[in-house]
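The values are calculated or read from the model by the stated rules, or taken from the named source; none is laboratory data. Remember, it's a predicted structure, so these values are computed and weren't measured experimentally. Quick reminder, even Gly has a Cβ in these numbers, built from the backbone with ideal geometry, and neighbours come from all protein chains shown.
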Amino acid sequence: MLLTGKFAIVTGAASARGIGRATAQAFADQGARVAILDLDASAAAEAAAALGEGHRGLSANVADEAQVRDAIAQVLAHFGRIDILVNNAGITQPVKTLEITGPDYDRILNVNLRGTLLMSQAVIPTMRAQGSGSIICMSSVSAQRGGGIFGGPHYSAAKAGVLGLGKAMARELGPDNIRVNSITPGLIHTDITGGLMQDERRHAIIEGIPLGRLGEARDVANAALFLASDLSSYLTGITLDVNGGMLIH
């Protein structure tokens, strides 16, 4: 069991077929107790209950500092410590550059980038006091290739910001034995992507992936499990690609 005795938070993990839920399940299967944070309180509670006993589901908007502080306080009151944070919560919008409005920009940047910062800020003091911690930031292949399948330029910018933020935090927090790493998923088959692709488009995309398939949520979850565990104890500031070879540097 890779995470026995560990306590983890996964944001945006209430969706049944999403990366966050798969990550929470992988962590629970490896012995961690998990707090799921999501906008929908009832969905978060149901998702936590589905993991088994000892897990928590809480409501929080990761872009709202007060809600983040309150959620972290509740997690600490229940678990007593926080060993792992997965900054998974994110939203996208498939528009072009000239179609991006001010409110669109703020909404996408607030959840994807500000949310990553606020959640990290909220757990760092506890991790410092413990002398250990692992923060995992969910970026996207969109940040690397200048656009994805569904996300607009503001989404690419937000996810690129996540990579820069993660590296900067890794450099700053290394002396505290807090590791910060990022994951860049490619096209992952979830409820969102599954509803947006026609078969012909799916086949065209798969033809450009050396491994010949779309990713599954568990593929990303397993990468997060590696970064959360002591198997990656000498890794910080890295970007771990999970894209089937869609983008080979």
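Details
- On inspection, VAL10 passes the criterion of being within 20 Å of LEU118 (Cβ to Cβ), surrounded by 24 or more Cβ atoms within 10 Å (Cβ to Cβ), at pLDDT 95 or above and under 13 Å from the mean Cα position of the chain (by Cα).
- Among the residues of the range 207-249, those that are touching a strand residue (DSSP E or B) at 6+ places or on another chain (Cβ under 7 Å), among the polar types (S, T, N, Q) and part of a loop (DSSP other than H, G, I, E, B) comprise THR236, ASN243.
- If you check ALA16, ALA26 for being of a type outside the set (Val, Ile, Thr) and surrounded by fewer than 22 Cβ atoms within 10 Å (Cβ to Cβ), only one passes: ALA16.
- Of all residues in the range 122-142 being in contact (Cβ under 8 Å) with a residue 40 or more places away in the chain and in a helix (DSSP H, G or I), the one that is nearest to the chain's Cα centre (by Cα): VAL141
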